[in-house]
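Written below as structure tokens is the structure these notes are about.
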Amino acid sequence: TAVQLTNGQLDGPAGIATLPDGRIAYVSRVGEDLTIWVMNADGSDQRQIGFQLRFLEELRATPDGRFFIFSARRDGFSHLYRIDTNGQDLKQLTSGESYETSSTISPDSRWVYYVAGFREGGVSKAHLRKTSMDGSQTVNLKELEASLLPDLSPNGQFIAALDGRRLTIL
């Protein structure tokens, strides 16, 4: 049977992530801003971590349980950020004039795979990329027609992504 865990009207639509220890993280609206909350699986010990932003989405947890990855808009573009699961050490992982969304994390928690959308000469483009967990190394993997939802195989050897209307395996 289903059990209601939160009482807010906007808890979770912008992102939900589970941690290996069973805790659940979710994005919730506080006033005009969005913030990350963490609770036990039974709904107890709910607490806000980090900071508040006007636009925050795509909450992910690394498989090792050390970090949350999310997309936030701070400079007119959406970029990926990392924060410890205790709410400390916020770090911007991506930058530039692009919109980074549709992220997923490698099984070894070392890489964040994502789609970077941008305009070039009036044409919308998308690149499938990966960045190291500290943001120090970014690799372009493939230019895509339009991509959403990259996903990794359980062993991390293959990436599936929508390329326009086609499913692509890398």
Scope the stretch 107-127; condition under 14 Å from the mean Cα position of the chain (by Cα) and part of a strand (DSSP E or B); matching residues: Trp111, Val112, Tyr113, Tyr114, Val115, Ala116
Given (1) modelled with pLDDT of 90 or more; (2) more than 12 Å from the chain's Cα centre (by Cα); (3) not aromatic (Phe, Trp, Tyr), index of the condition Ser98 fails: (1)
Residue check for Arg82: open to solvent by less than 30 Å² (accessible area, probe 1.4 Å) and either closer than 28 Å to Phe158 by Cβ or modelled with pLDDT under 85 (or both): yes
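Scanning for something of a type outside the set (Ser, Thr, Tyr), farther than 16 Å from Leu90 by Cα and at pLDDT below 75, does the stretch 13-21 turn up at least one residue?
yes
The rows are residues; the columns are (1) under 23 Å from Ile36 (Cβ atoms); (2) among the hydrophobic types (A, V, I, L, M, F, W, C); (3) surrounded by fewer than 13 Cβ atoms within 10 Å (Cβ to Cβ).
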| site | (1), (2), (3) |
| --- | --- |
| Phe67 | yes, yes, no |
| Phe70 | yes, yes, no |
| Phe77 | yes, yes, no |
| Gln92 | yes, no, no |
| Ser102 | yes, no, no |
| Ser106 | yes, no, no |
| Tyr114 | yes, no, no |
| Lys142 | no, no, no |
Test set (1) part of a strand (DSSP E or B); (2) more than 23 Å from Leu162 (Cβ to Cβ) - Thr131 fails condition number: (2)
Listing of strands (runs of 3 or more DSSP E) fully contained in the stretch 15-106 that carry 2 or more residues being among the hydroxyl-bearing types (Ser, Thr, Tyr): 24-30, 78-84, 99-105
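Each row is one residue, and each column tells you yes or no for (1) of a type in the set (Ser, Thr, Tyr); (2) at pLDDT 90 or above; (3) within 19 Å of Thr18 (Cβ to Cβ).
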site	(1), (2), (3)
Val112	no, yes, yes
Gly122	no, no, no
Arg129	no, yes, no
Asn155	no, no, no
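Say whether the condition of being of a type in the set (A, V, I, L, M), more than 20 Å from Glu100 (Cα to Cα) and in contact (Cβ under 8 Å) with a residue 12 or more places away in the chain is met by at least one residue in the stretch 55-63.
Taking the stretch 55-63 first, the residues of a type in the set (A, V, I, L, M) are 56, 59, 61.
With more than 20 Å from Glu100 (Cα to Cα) added as a condition, the list becomes none.
Looking through the stretch 55-63, none of the residues is of a type in the set (A, V, I, L, M), more than 20 Å from Glu100 (Cα to Cα) and in contact (Cβ under 8 Å) with a residue 12 or more places away in the chain.
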Leu167 vs. criteria surrounded by 11 or more Cβ atoms within 10 Å (Cβ to Cβ) and either part of a strand (DSSP E or B) or small (Gly, Ala, Ser) (or both): no
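The values are calculated or read from the model by the stated rules, or taken from the named source; none is laboratory data. Quick caveat: nothing in here was measured; it's all calculated off a predicted structure. Here Cβ is always computed from backbone atoms with ideal geometry, including for glycine, and neighbour counts include all displayed protein chains. Quick note on the areas: whole protein, heavy atoms, side chains included, nothing else; ligands and nucleic acids left out. Shrake-Rupley method; radii C 1.70, N 1.55, O 1.52, S 1.80 Å.
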